[in-house]
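K.L.:
To start, I am sharing the structure in question, which I have written as structure tokens.
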Amino acid sequence: MAGGSDQGPVAAPSVLRRLWARREWILVILGSLALAVLLTWPTMRDPRHTVPGDIGDPAMFAWQIAWGGHALLHNPLHLWDSNTFYPDPYSLAFTDTVLGYMPLGMIGSGMEAAVLRYNILYVLLHALAFVGAYALTRQLGAHPLGATVAGVAWAFAPWRLAHVGHLNVISTGGIALSLAMIARGHGWSLRRGHRPERHSPGWALAGWLVGAWQISLGLAIGLVFAYVMIFICLVAAACFGWVWWRRGRPAFGRRLLVADLVGGVCFGAATLYMGLAFSRVVQLNPQADRSLAWTETYSPAWRGLFIAPESSWLWGARHAAARSELPWPPEMALLCGVVLLVLATTGMFFSVFRTRHRVLLSIGVAVAVVLALGATLPWNGDPGYLTLSKHLPGWSALRTPGRMTLWTTLLMAILAAGAVSAFVTHVRDVAPWPKAGAGRPEHLARGKFVALRLALLIPLGLVVVEGINKTPHPELLRYPAAMGAAAEPTLVLPSGGSLEMSIMLWSTNGFPRIPNGIVTFVPAGQERIRSGSMTFPDAASIAALRADGIRSVVVLPEWLSGTPWEGVPGRPIDGLGITREDIDGAILYRLG
């Protein structure tokens, strides 16, 4: 008893000391959450009924995550065979898939839970992006203030506002965090170089596993990340061999090498798993394969690098005229941030990082910019993005070169962190905390000290301002009660267009099999059912639908105008062997 009472007072201070030692990261995590809520506002004002951007892609991604959770709980072996696009197989892989979020889909059920889950993830992915960039730049040698500026600039860059509905595109926090962990595991930074005494196999392995998780959030961003990691590994292997040859001993030990090998295998397995699913889709649906014409169409002009999306609070209205000249602004308004551009340019010449590293970072920025411009370069992107599309497996499916801007942003954020860190060092030198007995009045010295340190916060304030959004948050379409009363498989009419994404979201209420859904191609089964239903309800269409297993048809009269199904509500059903029921503004046909 006495021993237990003696240990109690000691244990609590020990915990407090450990927390105090980690106070930087506690503040970073709490600050990232607060900043994410603030700079994505009003996402969390009504997270059960509204979504950021529009009601198209967010509805589809909310369905994706919900379906993944449902499949993992009930039939994990058929994860890729979703309830949409019935009866086509591998339908979850018809478009980029945020598989890594899907375990969260096991929490809650139904449409309202799917929307709430989506909005929470939307906020959290911004927080993770901030933490990732902060961790990376801190590991590379930046001061906490420089790392904070980099984190904000990376997580809330203006170009991201054009992709608020593309969860797969803006989910990039794992990229920076993975690189940070791997760099820490190898004891490497831009400021101090390689320090073997800092090797940590655990951190290296964790970095590879985070990278594997990042790959599972989609190949639209993940495939380029995979190739970047391959490039880094090749360079690291060359350096490893050179050091071994020069010194007669390896640069790091067996445990770290094993951690890299195990982590690399996990990373490669995740990439292969995702890639095989999408390859299978192309085999089953040759029309899903994308030609280089897609890349040429979506390649942005160089001026797009300096144009912000419409929903940028600071630049949106100011860039309206320039943005109107872009063929497709959502993929061509690529502004990384004016403040980031200035800081990164400064960081090329004034930085805490070594000169050779700054040169390499600058070259990396230039390469990323060239790739982002795709086929609009004077030499038509070959050599460049089109060259990679022709020779690297899977690259041709990446039809939007402008998304390479995320790498431009990350490299520029590192340069900016180095510049801000150099400012901090300089201010410390010219205005240290005044001591008693100094040659000038102490209050004047303290005034200079405070003024210069407040001035250091200006870059941070400016990047925060550039990250403010004016993104619309529309309310989602109301779930039609007729779907709940229908026997599945159920066809919802009209079929086609952006309404399909809302229908996919509605299907999270019970996950009935539906032929509805929308991607960049039309699967064979969906095309057959859609064509066969054009004259519904008549004997031929009913026979065709029954042949495909369709048991119910839900018609939404308010959406029929201008579609092939416009006259459906007025068509008779006598003698067709089906029933009709009006349910809260929708019409339910039971085919028996």
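K.L.:
For the chain, what is the percent of antiparallel DSSP beta bridges, rounded to the nearest 5? Write out the running numbers ahead of the final one.
P.N.:
On the way: 13 of 17 bridges.
Just about 75 percent of them are antiparallel.
K.L.:
Expected output is a single nm value to one decimal: the length gained when fully extending between residue 18 and residue 246, i.e. 0.36 nm times separation in residues minus the C-alpha distance. What is it? Can you show the working numbers first?
P.N.:
Numbers: separation 228, 0.36 × 228 = 82.08 nm, distance 4.15 nm.
So the chain would gain 77.9 nm between residue 18 and residue 246.
K.L.:
Rank-order 465-476, 159-170, 363-374 by packing density, defined as the average count of other C-beta atoms within 10 Å over each peptide's residues, highest first. Display every interim value, and only then the final one.
P.N.:
Numbers: 465-476: 17.5, 159-170: 23.6, 363-374: 19.3.
Ranking, from highest mean packing down: 159-170, 363-374, 465-476.
K.L.:
Sorted by mean Cβ packing within 10 Å, highest first, what order do the peptides 489-496, 22-29, 143-150, 199-206 take? Can you show the working numbers first?
P.N.:
Details: 489-496: 23.1, 22-29: 13.1, 143-150: 26.4, 199-206: 19.9.
Answer by packing, highest mean first, reads 143-150, 489-496, 199-206, 22-29.
K.L.:
Measure nothing fancy, just the Cα-based angle from helix 442-455's long axis to the longest principal axis of the chain, in degrees from 0 to 90, nearest 10.
P.N.:
The angle comes out at about 30 degrees.
K.L.:
Read phi for every residue in the stretch 394-409 and hand back ³J(HN,Hα) as whole Hz from Karplus 6.51 cos²θ - 1.76 cosθ + 1.60, θ = phi - 60°, with x for Gly and Pro.
P.N.:
x, 5, 5, 6, 8, 7, 10, x, x, 6, 5, 4, 4, 6, 4, 5
K.L.:
With every protein chain kept in place and ligands, DNA and RNA left out, what is the accessible area per residue of the chain? Probe 1.4 Å, answer in Å². Intermediate values should be presented prior to the final figure.
P.N.:
Details: 26390 Å² over 592 residues.
For the chain, the solvent-accessible area averages 45 Å² per residue.
K.L.:
Sticking with this structure for a sec: Tell me, what ³J(HN,Hα) does each residue in the stretch 243-250 have, in order and in whole Hz, if you take phi through Karplus 6.51 cos²θ - 1.76 cosθ + 1.60 with θ = phi - 60° and put x for Gly and Pro?
P.N.:
5, 4, 5, 6, 9, x, 8, x
K.L.:
Along the stretch 41-57, what does the Karplus equation 6.51 cos²θ - 1.76 cosθ + 1.60 (θ = phi - 60°) give for ³J(HN,Hα), rounded to whole Hz, x for Gly and Pro?
P.N.:
4, x, 4, 8, 6, 9, x, 8, 10, 10, 9, x, x, 8, 9, x, 4
K.L.:
Now, a different point. What is the Cα centroid distance between the stretch 324-376 and the stretch 80-154, reported in whole angstrom?
P.N.:
24
K.L.:
A further question follows. Considering the values [x] 17, 38, 23, 13, 5, 3, 2, 0; [y] 15, 25, 15, 13, 20, 11, 0; [z] 18, 47, 26, 8, 1, 0, which represents P(r) over Cα pairs in 20 Å bins from 0, in percent as calculated for the structure under consideration?
P.N.:
[z]
K.L.:
Which FRET efficiency, nearest 0.05, do residue 306 and residue 74 yield, Cβ-Cβ r, R0 35 Å? Before the final figure, lay out the partial values.
P.N.:
Values: r = 49 Å, r/R0 = 1.41.
Step by step, r from the Cβ atoms, then E = 0.10.
K.L.:
Using the 2.2 N^0.38 Å rule of thumb for compact globular proteins, work out how the stretch 456-592 stacks up: its C-alpha Rg over that value, please.
P.N.:
So the Cα radius of gyration is 1.39 times the expected 2.2 N^0.38 Å.
K.L.:
Between residue 317 and residue 230, what is the spin-label point distance in nm, taking each point 7 Å from the Cα along the Cα→C-beta axis?
P.N.:
Placing both labels 7 Å along Cα→Cβ, they lie 4.8 nm apart.
K.L.:
What ranking, highest mean first, results for peptides 527-539, 59-71 when packing means the other Cβ atoms within 10 Å averaged over each residue?
P.N.:
Numbers: 527-539: 18.1, 59-71: 25.5.
Final packing ranking: 59-71, 527-539.
K.L.:
Here is a further query. In nm, to one decimal, how far is the residue 558 label point from the residue 44 one, both placed 7 Å along Cα→Cβ?
P.N.:
Inter-label distance under the simple model: 3.2 nm.
K.L.:
Please give the contour-minus-distance gain from residue 391 to residue 289: 0.36 nm per residue of separation, less the Cα-Cα distance, rounded to one decimal in nm. Please list the in-between numbers first.
P.N.:
On the way: separation 102, 0.36 × 102 = 36.72 nm, distance 1.54 nm.
Extra length available between residue 391 and residue 289 comes to 35.2 nm.
The values are calculated or read from the model by the stated rules, or taken from the named source; none is laboratory data. Quick caveat: nothing in here was measured; it's all calculated off a predicted structure. Positions of Cβ are generated from backbone atoms using ideal geometry, with glycine treated the same way; all protein chains shown enter the neighbour counts. For accessibility, only protein heavy atoms count, side chains too; no ligands or nucleic acids. Shrake-Rupley method; radii C 1.70, N 1.55, O 1.52, S 1.80 Å.
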